[in-house]
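For reference, the structure discussed in these notes is given below.
The values are calculated or read from the model by the stated rules, or taken from the named source; none is laboratory data. This one's a predicted model, so the numbers in the text were calculated from it and none came from an experiment. Note that we place each Cβ from the backbone using ideal geometry, even for glycine, and neighbour counts take in every protein chain shown. To get the accessible areas, we keep the full protein, side chains included, count just its heavy atoms, and leave off ligands, DNA and RNA. Shrake-Rupley method; radii C 1.70, N 1.55, O 1.52, S 1.80 Å.
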Amino acid sequence: MDANNTVFPNRVLVVDDDSLLINEYLRCLGEDFEPDYATATMTDLESVLFGEENNENGAAKFDVHSRNQGEAAVEAVKAAIASNSPYAIVFLDIRMPPGMDGIEAAKQIRLVDPNVNIVIVTGSVSPAPENIGKQIPPADKVFFFQKPFHAMECRQLAAALCGKWHADMALRSANEDLERRVEERTAALQKLAYFDVVTRLPNQLLLLEELKALIEKAEDTEGDTVVVLIDIDRFSFINETLGYDAGTELLRSIANRLSRTFCDEMGQRMAVVGRFGADEFAILVPGIANDSEIRKLAELVRDTVEAPFLINGRDLFLKVSIGVSWHPVHGRDAKSVFRCAEAGLHRSMRSLNNSITYYHSEMRYRARYKFDLEAELREAIETGDIRAHYQPQQCTVSGELAGLEALARWTRPDGSTVPPSDFIPLSEEMGISDVIFESIMRSVCADISSWREQGDWKIPVSVNLSAHQLRNRDLVSLIKGILKSEKIDKKLINLELTETVLLEDLTIAQPVLNDLAAYGFGIHIDDFGTGYSSLSYLAQLPVQTIKIDQAFIAQLSESDVNSRVIEAIVALGKAMKLEVVAEGVETDQQYAIVRRLSCDLVQGYFIARPMPADQLLTWIEGHEDTQCIKKKSVVVDMDTQR
Ligand code: C2E
Ligand code: CA
Ligand code: CA
């Protein structure tokens with residue numbers, strides 16, 4: 001039986017140039033063959049072998065065909081295979097002059113039909129029977145038969161080989177069936193491995209394959225292959241507030257909308273749309289002609305996702321970050337192009353102003369740099385290579401050292417330093433910014449304790465907090481624990497947060513800040529003036545100090561506008577009883593202006609660059625007599641401290 005359950009009859013081909021022998025085959029394999037002394041045992045054997053294939057007498061039925069030359073035999077086997085009625089046996093005379101001999105015919109038949117049993121019929125015993133299996137493999141499908149043969153022997157052999165053939169075919173079909181099922185299962189598994197279950201879009205694995213294929217095809221077409229990666233800003237917030245189901249529905253809607261956008265009216269797909277990560281999607285578009293088309297494409301993607309979605313009966317407006325790169329400009333292979341788009345995406349996610357970043361080569365260096373940096377950063381945290389450096393803040397009225405800002409510095413074993421702008425955002429991406437905060441906090445406390453050994457110390461130190469720390473529920477107890485172990489007065493610690501971090505999630509920030517302030521820490525707002533929302537939040541928060549963003553100070557000498565901004569901030573600060581710090585003061589001209597505008601404190605290279613803890617006391621000594629710093633503030637009366 002074949003895979004379609006067709007029942008094959010016992011088809012036998014007999015090949016001999018001797019027509020008498022052909023007749024003998026036909027007689028002994030014929031239906032009305034009369035067994036002479038054939039015993040019942042023989043008939044029994046046939047019935048066991050053939051079951052229903054036997055005739056009423058229980059004898060086997062054979063469908064016998066004959067040819068008198070090797071060439072014709074090969075053609076007959078070909079025709080049988082083509083019409084799906086293969087032979088079970090070919091009896092082949094070894095010598096059939098003038099045509100090809102039986103061995104050659106057998107070789108050609110084997111090429112056409114791998115299953116047929118070939119019986120070489122010969123009058124002598126040459127060639128050696130064991131060699132013939134090697135010449136016409138497989139050895140279990142080739143046989144020797146000597147003539148003259150006895151009719152009963154011939155019939156028995158035919159019956160046995162037909163039985164064997166049916167068993168072989170059944171096994172083969174079972175194997176084919178198994179193979180097909182394995183293939184089907186593999187395909188099903190591949191579908192699971194390559195498609196996202198929620199959106200049914202290709203996943204990252206398949207996207208990579210698709211991009212590889214597009215790049216290969218692009219070798220002989222015009223235009224670039226563009227990768228657009230999209231991240232939904234604050235998607236976890238949507239999940240938390242609207243619920244997980246709404247989040248899932250939103251992902252599906254985004255997937256559908258993007259898929260529709262990149263189909264023509266005929267439903268023909270014009271780009272590959274896939275799900276790249278949890279809240280990230282990817283669009284791959286081939287054949288883009290120029291930069292302006294790339295821009296249009298990225299803007300189309302942005303506008304598609306930023307148009308409102310109806311979720312739970314309400315309009316939901318999303319913001320997206322986008323990274324764009326293209327082959328062959330940013331990479332020769334799919335992986336590199338994706339990596340560039342990712343670098344662009346991360347830049348967008350960090351930027352406040354740009355939701356779309358087009359990759360450029362300077363970022364390539366950064367992407368590689370970042371990869372190495374991650375591994376190094378973990379090690380640096382372990383070995384304590386990240387410590388605080390300190391930048392003095394000076395009082396504009398008294399000239400005294402009024403405070404220090406602790407700025408994280410990573411010093412590599414070779415003495416080079418990595419700026420915080422490189423490793424703080426990276427630590428946040430890696431989810432280890434809390435560890436860095438903790439080690440800075442510990443290094444600040446240890447430094448204060450060592451300064452304290454030189455005399456009384458009452459200069460407060462500001463430590464920077466990032467958005468991630470605000471989400472750490474144990475923040476207050478963590479800081480308290482560190483202060484306690486070093487016996488540091490809480491009055492000596494201020495915490496700095498940028499205005500944008502605060503405004504990003506006031507509902508989260510407010511209770512944390514209240515806790516911190518209630519405990520006694522001063523709260524300072526960093527980079528003030530860059531947040532774009534109203535100032536009313538200031539009144540609700542327990543803030544002590546605002547630090548004017550460096551950008552206003554930097555342009556001070558050139559622009560009047562900035563001095564008016566500073567004037568306004570100072571007026572606001574005075575009205576709200578807040579201390580105002582001018583940060584990034586580099587020149588005496590800037591210093592003079594911020595002093596005239598009544599900023600309370602000044603911080604910047606004009607006073608001093610950030611320095612390691614062990615240089616600070618020397619620095620203070622050195623500036624004792626100058627108008628910048630008066631030493632007396634350093635020696636304080638411990639009794640006045642709580
Ligand atoms: P920031 O909090 O605004 O810190 C002030 C930055 O301005 C420092 O850069 C400082 O070295 C630099 N600076 C000070 N005076 C001048 C000046 O006169 N001119 C100019 N051009 N720059 C000046 P730094 O140390 O590279 O830190 C960059 C930023 O990294 C910081 O900005 C802060 O946001 C972040 N950062 C630093 N340390 C930490 C930390 O421990 N934790 C967290 N979360 N962020 C940190
Ligand atoms: Ca700061
Ligand atoms: Ca700042």
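Which peptide among 312-320, 69-77 comes first, and what is the full order, when sorted by highest mean count of other Cβ atoms within 10 Å?
With the highest mean Cβ count within 10 Å placed first, the list reads 69-77, 312-320.
Rg(Cα) of the chain divided by 2.2 N^0.38 Å?
Ratio of Rg to 2.2 N^0.38 Å for the chain: 1.70.
Please give the per residue accessible area of the stretch 204-359, computed with a probe of 1.4 Å over protein heavy atoms only, in Å².
Details: 7940 Å² over 156 residues.
The answer is 51 Å² per residue.
At a 1.4 Å probe, what is the % contribution of carbon and sulfur to the accessible area of the stretch 384-637?
Roughly 50 percent, rounded to a whole number.
Which peptide among 339-347, 506-514 comes first, and what is the full order, when sorted by highest mean count of other Cβ atoms within 10 Å?
For the peptides 339-347, 506-514, the packing ranking is 339-347, 506-514.
Calculate how steeply helix 244-261 sits against the longest principal axis of the alpha-carbon atoms of the chain, using the helix alpha-carbon long axis, and give the answer as 0 to 90 degrees to the nearest 10.
With rounding to tens, the tilt is 70 degrees.
In debye, nearest 20: dipole of the chain around its Cα centre with unit charges on the Cβ of K, R (+) and D, E (-)?
So the magnitude is around 1940 debye.
Which of the peptides 275-284, 568-577, 246-255 is most tightly packed, and how do the rest follow, going by the mean number of other Cβ atoms within 10 Å of each residue? Mind showing how you got there, number by number?
On the way: 275-284: 22.5, 568-577: 14.5, 246-255: 18.3.
Per-residue Cβ counts within 10 Å, averaged per peptide and sorted highest first, yield 275-284, 246-255, 568-577.
In square angstrom, what is the accessible area per residue of the stretch 412-484 with a 1.4 angstrom probe? Could the numbers behind the result be given before it?
Working: 3220 Å² over 73 residues.
Per-residue accessible area for the stretch 412-484 comes out at 44 Å².
Among His623, Pro308, Ala554, flag the residue with its Cα farthest along the positive direction of the charge dipole of the chain, charges on Cβ as +1 for Lys/Arg and -1 for Asp/Glu.
Final value for the positive-end residue is His623.
Across all directions of projection, what mean area in square nanometres is found for the Cα convex hull of the stretch 204-359?
Over all viewing directions, the stretch 204-359 projects a mean Cα-hull area of 9.3 nm².
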